[in-house]
Amino acid sequence: MYTFSNRLRIGSFIAMALGAILLVIGFVSAPSTVEEAKAMVAVHEEGHGGGHAEATVESHGEEQGHGAQASHEEGHDASHDTHLLHQLQNRPWSALYVAAFFFFMISLGVLAFYAIQRAAQAGWSPILFRVMEGITGYLVPGGIIVFVILVLSSLHINHLFVWMDADTVAHDELLQGKSGYLNTTFFLVRAALFLGGWIFYREYSRKLSLAQDASDDNSNFVKNFRWSAGFLVFYLVTESMMSWDWIMSLDPHWFSTLFGWYVFASMFVSGITVIAMVTIYLKSKGYLENVNNSHIHDLAKFMFGISIFWTYLWFSQFMLIWYADIPEEVTYYIARFQDYKLPFFGMLVMNFVFPLLVLMNSDYKRVNWFVVMAGIVVLAGHYLDIFNMVMPATVGDQWYIGLPEIGGVLFFGGLFVFWVFTTLTKAPLQPKRNPFIEESKHFHY
């Protein structure tokens, strides 16, 4: 039975406390008025000579005699100022949402990998099932937090989802056409359905897994196999819909038919990476004595293979949209090229170039510290992937890595570690009566 070390427990609490403080500072320092928002932008744009403000004053002076046109420009400026205020107010919310979704998607990616292993009746992986079950335990708190953020968005506590604003929809024919799907009631019902289905499978599969240890036959194993096969169908549909709802609808004018698969690839490789890192940590502490280099090698192969799969989907989505040059599609990438060059191309290097160069060698996949190092970079890269999905739509060009972003990662990282390792203490780390456990113990190639 795994014992949660005091050092790790204290570390997770410190991370959560520090992260919470930084998030609170981010929320408190967000502007509450247009004047505060303009002052904040002016501070960040010092050194640019105030060109935008001067040009505005000059144009107003030249056009004093044109009352109607001046009135129109004043209305435009007021709308722009309000939009700027919403962007700056969104920043701590966006940092919170990016971190909350990122750690939740790790758990959800592990759940998919776990279900695949169950449905495939894989012989190499049962020794790792309790690690996977521990990581998927975060689905409950992580899912509840994400759902609360979505509810607060629907109550107009923030401005993350522009289609939730009735005034915006009233002046946007495209959003009016999508209102049958993009409306807050249906949106929250879908979110509750997704989370309910994922959490139910996790809890029921975990129950069957533990019951199998005390059983004298394989009936619980067979039930788990059937539920896992059925769940994968449910998962493939709901994961795609979730990605449309929770991420793609932040840019409600933009769409991509590949987006569900793209988000899946990101969460899948992130989940597998965390399985490898947690397994290596437990092995280093004297647990999981039957885990060998072949198990780590297989996990690292999945890290490498799914990284290449993610790159294939990224390039397929980008290339087709960029080549077609359809205005309502290509603007998605223009915004990221113009305002997010460093995180956008940095993410591409961390998620493709780095795994390609580091994990291609078969021998390196068996070196624990090397896999951990690669895993840290991969996870950071996929955090930036979610950052690039969310931030341009919610804060525009008013972004930078600061206290809210760091605080979000610390808080949810601490909560993730605490919940996962607490879950690992609830049951023996090695299944006892899985029909393939002996094959998994002696897995070598």
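The values are calculated or read from the model by the stated rules, or taken from the named source; none is laboratory data. Note that the structure is a prediction, hence the values are computed from the model and not measured. Positions of Cβ are generated from backbone atoms using ideal geometry, with glycine treated the same way; all protein chains shown enter the neighbour counts. When the accessible area is computed, the model is the full protein with side chains, heavy atoms only, and any ligands, DNA or RNA have been set aside. Shrake-Rupley method; radii C 1.70, N 1.55, O 1.52, S 1.80 Å.
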Quickly work out the R433-to-A17 label distance, labels modelled 7 Å from Cα along the C-beta direction, and quote it in nm with one decimal. 4.5
So V367 and A380, fully extended at 0.36 nm per residue minus their Cα-Cα distance, gain in nm 2.6 nm
Toward the positive end of the charge dipole of the chain, about the Cα centre and with charges on Cβ (Lys, Arg +1; Asp, Glu -1), which of F147, L8, L250 goes farthest? L8
What distance in nm lies between label points placed 7 Å from Cα along the C-beta direction at F234 and T257? 2.9
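Quick one: length gained pulling D165 to S316 fully straight, 0.36 nm per residue minus the C-alpha distance? Kindly include the intermediate steps, with their values, before the conclusion.
Working: separation 151, 0.36 × 151 = 54.36 nm, distance 3.26 nm.
In short, 51.1 nm is gained.
With a probe of 1.4 Å, find how much accessible area the stretch 247-332 has per residue, and write the answer as a whole number in Å².
Numbers: 3310 Å² over 86 residues.
Roughly 38 Å² per residue, with all protein chains present.
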Residue order for H442, H171 - accessible surface, 1.4 angstrom probe, largest first: H171, H442
Most fluctuating of L282, L160, L250 in the GNM of the chain (C-alpha, under 10 Å) is L282
Run down the lysines and flag those whose C-alpha is under 27 Å from the C-alpha of K283, throwing out any fewer than 8 positions away in its chain. K207, K301, K365, K426, K432, K441
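FRET efficiency for K207 and Y281, Cβ-Cβ distance as r, R0 = 25 Å, nearest 0.05?
Numbers: r = 26 Å, r/R0 = 1.04.
So, using R0 = 25 Å, E works out to roughly 0.45.
I need the helices of the chain that pass two filters: whole DSSP H segments spanning 20 Å or more by Cα along the axis, and mean Kyte-Doolittle score no lower than 1.6.
Working: long enough: 6-29 (34 Å, 1.63); 67-120 (72 Å, 0.14); 139-154 (22 Å, 2.53); 184-214 (45 Å, 0.35); 219-246 (38 Å, 0.23); 259-284 (38 Å, 1.46); 293-324 (46 Å, 0.66); 368-394 (39 Å, 1.31); 403-424 (31 Å, 1.70).
Going by DSSP H runs, the hits are 6-29, 139-154, 403-424.
Suppose the chain between K38 and A120 were pulled fully straight at 0.36 nm per residue; how much longer would it get relative to their current alpha carbon spacing? Mind showing how you got there, number by number?
Details: separation 82, 0.36 × 82 = 29.52 nm, distance 5.69 nm.
The K38-A120 span can extend by a further 23.8 nm.
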Once you charge only the Cβ atoms, +1 for Lys and Arg and -1 for Asp and Glu, what is the size of the charge dipole of the chain about its Cα centre, to the nearest 20 debye? 3260
In range of the label at A192: residues from the stretch 143-172 whose backbone nitrogen is under 15 Å from the point 7 Å along Cα→Cβ: 144, 147-152, 154-155
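Leaving out ligands and nucleic acids, note down the accessible area per residue over the stretch 135-180 with a 1.4 angstrom probe, in whole Å². Write down the numbers at each step before the final one.
Numbers: 2080 Å² over 46 residues.
Dividing the accessible area of the stretch 135-180 by its residue count gives 45 Å².
Can you send over the carbon and sulfur percentage of the accessible area for the chain, probe radius 1.4 Å, protein chains only? Present the calculation step by step, with values, prior to reporting the outcome.
On the way: 13050 of 19810 Å².
Carbon-and-sulfur percentage of accessible area, whole number: 66.
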Roll a 1.4 Å probe over the protein heavy atoms and report the accessible area of D363 in Å², nearest 10. 110
Placing each pseudo-label 7 Å from Cα in the direction of the beta carbon, H156 and N6 end up separated by a distance in nanometres of 5.2
Would you work out which of N434, V169, F354 lies farthest towards the positive end of the dipole of the chain, given +1 charges on the beta-carbon of Lys and Arg and -1 on that of Asp and Glu, about the Cα centre? N434
Might you report the magnitude of the Cβ-based charge dipole of the stretch 321-402 about its Cα centre, with Lys and Arg at +1 and Asp and Glu at -1, to the nearest 20 debye? 440
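Highest mean first, what order results for 210-216, 87-93 on Cβ atoms within 10 Å? Before the final figure, lay out the partial values.
Working: 210-216: 14.0, 87-93: 22.6.
Final packing ranking: 87-93, 210-216.
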